[in-house]
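Written below as structure tokens is the structure these notes are about.
The values are calculated or read from the model by the stated rules, or taken from the named source; none is laboratory data. A quick note: this is a predicted structure, and the numbers were derived from the prediction, not measured. We place every Cβ from the backbone using ideal geometry, glycine too, and count neighbours over all the protein chains shown. Surface areas here come from the heavy atoms of the whole protein model, side chains and all, with no ligands, DNA or RNA. Shrake-Rupley method; radii C 1.70, N 1.55, O 1.52, S 1.80 Å.
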Amino acid sequence: MKVSVQMKFLRQIGAAGLFAAALTIAGCAAEDKPPEPVAGAAPGAKMVTDLSSVSSTPIDPLGTHAVPERGQGLLRDVGGEPSSTRTFGAQPGLTRQAGTDANPGEERLLNAKAAMFANFSQVMLDRIFAQLQLAEREEEISSTKLPTDIKPVVITAIMDRSGKLTELILEQHSGRARIDQMMIAVCKKAIWYRNPPPEALSGDGSYKLTIKCKLTNYASKDEAHWSFFTSLAVGIG
């Protein structure tokens, strides 16, 4: 009688052990299974051929300060707490005051190569800034109250050897489609250069510019239309 009880007990322990082992194996199999893809994962950078192709979905494929491949991370924003100046020197990261008291802003060089070709960089910045000031006064933009967490628009612009714009790549959305679209339209008008310096060419024989722009609501007279503080930066890859 005692032997039969012991055998029954051992059989119960064996069944429990087998069940535990099965759970362990199942758990290991689950751990080895590759993770499910994240729903709505952001696509990579893309060439912009039509303003209607800009999505309102905010993405950040390369990080706020990163720059595109088209040259594989061409450069990084080296500005931490930049000081302000009215002219660019040979040091990247310094800011230059721009705009007016009513529509203020700043311009900045992102990397050493942009500082090396400071005149070239400044012409491009001034031209883009001037077009931005015009675009910001349009009804669709001036009536926009921007969120405080809006991100900079980051665009790669590629020019051929003659200084003609050939390609725009939207690398980072601001989070507002109308701001992205405005910046693309501005770049189409402003990015060109007669007789650009051949020394500024990239390795593949083109000019690669990284344009970074962030708008912040600055002032409003009627609480319906705004002027903006415009922060604009350029880097050369």
message: Given the criteria in contact with a Lys or Arg (Cβ under 7 Å, 6 or more places away or on another chain), of a type in the set (D, E, K, R), buried (at least 17 other Cβ atoms within 10 Å of the Cβ) and within 25 Å of T95 (Cα to Cα), does K212 qualify?
response: no
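Output the residue which, of all residues in segment 198-208 that are outside any loop (DSSP other than H, G, I, E, B) and of a type in the set (D, E, K, R), is farthest from L125 (Cα to Cα).
Ranking the qualifying residues of segment 198-208, first place goes to E199.
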- prompt: How many of the residues in segment 170-197 are more than 23 Å from E136 (Cβ to Cβ) and not in a loop (DSSP other than H, G, I, E, B)?
  reply: 0
field: Hey, I191 open to solvent by less than 20 Å² (accessible area, probe 1.4 Å), more than 15 Å from R127 (Cα to Cα), modelled with pLDDT of 95 or more and of a type in the set (V, I, T) or not
entry: no
message: Tally up the residues in segment 89-134 that are among the aliphatic types (A, V, I, L, M), buried (at least 20 other Cβ atoms within 10 Å of the Cβ) and assigned to a helix (DSSP H, G or I), please.
response: 6
message: Out of the residues in segment 146-167 meeting the condition of being open to solvent by less than 10 Å² (accessible area, probe 1.4 Å) and assigned to a strand (DSSP E or B), tell me which one is farthest from E223 (Cα to Cα).
response: M159
